[in-house]
Structure formats: C-alpha cells, structure tokens
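Enquirer: First the structure, then my questions, so here it is.
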C-alpha cells in the first residue's frame, strides 16, 4: 500500500464525501427553505405596504436612508444619481451576502434567522428599486413606512430585520461555539474541494443580476420625483387643492 493510499485511508469518511448526493440534497433543501422564507416575506411586506399607502394614517415614503446611516449617506439617498448608485451598491452587497450564506449548510436556527434578515432587506431594497411604483403609485423613490415607533416610522420588513438580526447573531455564535467544543483535539479539518466551474457560473449570474439592478437604478434616477405621502390625506386636511413638487412637498394652489 502506498503512502498516498494510507493518507486517504486515515481521512474521515465525512470529509471525503463532502459532495455526496446526501449532502447535495440537504444543501439544495436548505436553499429552498431560505428562498421560500424570503419570497413569503417579500410578498407579505409588499402587500401590507400596498394596503397601508391607501388606507393607513401617517404613511410616508422614506427616501433618505435610515436612522443608523450617517447624515451624508442619508443626503445621498435623496439625490437622483447618488441615490441610484447607493441602491445598486446595497443590492450588490445583499446579493453577495446571500450567496455566501447559501454556499454551505447551516444549522436550522441560523438558517431561519438569516432568511428573515435577507427577506427583510430584499423587500426594502426592492421597494426602492421598482416595487414602490406598485405599492405607492406616484411616490418618490423610497421605502413605504407606516408603523410609528417613537419619532420614526418603520414597516413590516424592518420588523423582520430588527427581530431576525439578534437571533441570527446569537444562533451563529452558539453554532460556532458548539462546533468548537465538539471538535476533537489534534484533528485537522480538510476543506472541501473547490469547483471552479460552479464558481464561474455563480459569478456570471451575480454580475448579470447586478447589471440588471444598475439598469433599473438608472431608470429610477432618470424619472426621480413624486410625493412622500398619499395626496388624498394631505388634500383632505384643509379641503383645498395642492400642487406637489418633485421633492414630494405640498404647496397650496
């Protein structure tokens, strides 16, 4: 028996079979779970935003980032071109993060919590890119917010992000600690083999998606304008006609 055969015989079976049919099926199953959760959150959130724009009081368009972003970033979101570039950047970061998250199997708590966060961010970014044309016709590019919490307004997708993020952090930390404790002393983890064709296909898909996102962002920049609140609610407050500027403010006629 050669030295190479002895080396292979000493390796754990689960390391040699990292791309076994069972592991592949499990990974595909986890990806389907994540995509199902993300799709459910997007459909639910966009439907609620559609309803809120037409029926809720205090609904508004947030087109200037969020309370955690620096002032200069919030100002950039309000500009036609800078806002479109930031939307494209956010989309690229989300796509990259989701791709890395789905590359390997995760414990179920980590998987579900991560899917909640990805779903929330996906719906809010879709809102800025294209969905606001459907949920809030005539509105400026931005996110539909209608849930008042203190001085700020949020939406259903924000709730998934706010609730899912700490759960994801705790679940990921617990999973990492569990694997560290269970790892036998002196064992060397042999990484799974790389698959360049798969990486090439993934990179091509990501680049194609980002090009499409950039095109949509460019259209949004070219057609930037609209209201930041439903016109009927503003008009009914005084009973007189209003003119809406391109920034979304109301000027009495």
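The values are calculated or read from the model by the stated rules, or taken from the named source; none is laboratory data. Not measured: the values here are computed from a predicted model. Virtual Cβ from ideal backbone geometry, glycine too; neighbours counted across all protein chains shown.
Enquirer: Can you find even one residue in the stretch 224-235 that is surrounded by fewer than 12 Cβ atoms within 10 Å (Cβ to Cβ) and at pLDDT below 75?
Expert: yes
Enquirer: Within the stretch 190-203, can one find any residue that is at pLDDT below 75 and touching a helix residue (DSSP H, G or I) at 6+ places or on another chain (Cβ under 6 Å)?
Expert: Within the stretch 190-203, one or more residues are at pLDDT below 75 and touching a helix residue (DSSP H, G or I) at 6+ places or on another chain (Cβ under 6 Å).
Enquirer: In addition: Might you let me know whether the stretch 96-118 holds any residue that is out of contact with any strand residue (DSSP E or B) (no Cβ under 7 Å at 6 or more places or on another chain), closer than 17 Å to residue 218 by Cβ and in contact (Cβ under 8 Å) with a residue 60 or more places away in the chain?
Expert: Within the stretch 96-118, not a single residue is out of contact with any strand residue (DSSP E or B) (no Cβ under 7 Å at 6 or more places or on another chain), closer than 17 Å to residue 218 by Cβ and in contact (Cβ under 8 Å) with a residue 60 or more places away in the chain.
Enquirer: Need pairs with beta-carbon distance below 7 Å; first residue closer than 13 Å to residue 148 by Cα and within the stretch 48-60, second in a helix (DSSP H, G or I) and at pLDDT 90 or above; sequence gap 6+ or separate chains.
Expert: As it stands, the answer is 59/52; 59/53, since those pairs meet every condition given.
Enquirer: I'd like to check which helices (runs of 4 or more DSSP H) are fully inside the stretch 1-89 and have at least 3 residues that are at pLDDT 75 or above and surrounded by 14 or more Cβ atoms within 10 Å (Cβ to Cβ).
Expert: 21-55, 71-78
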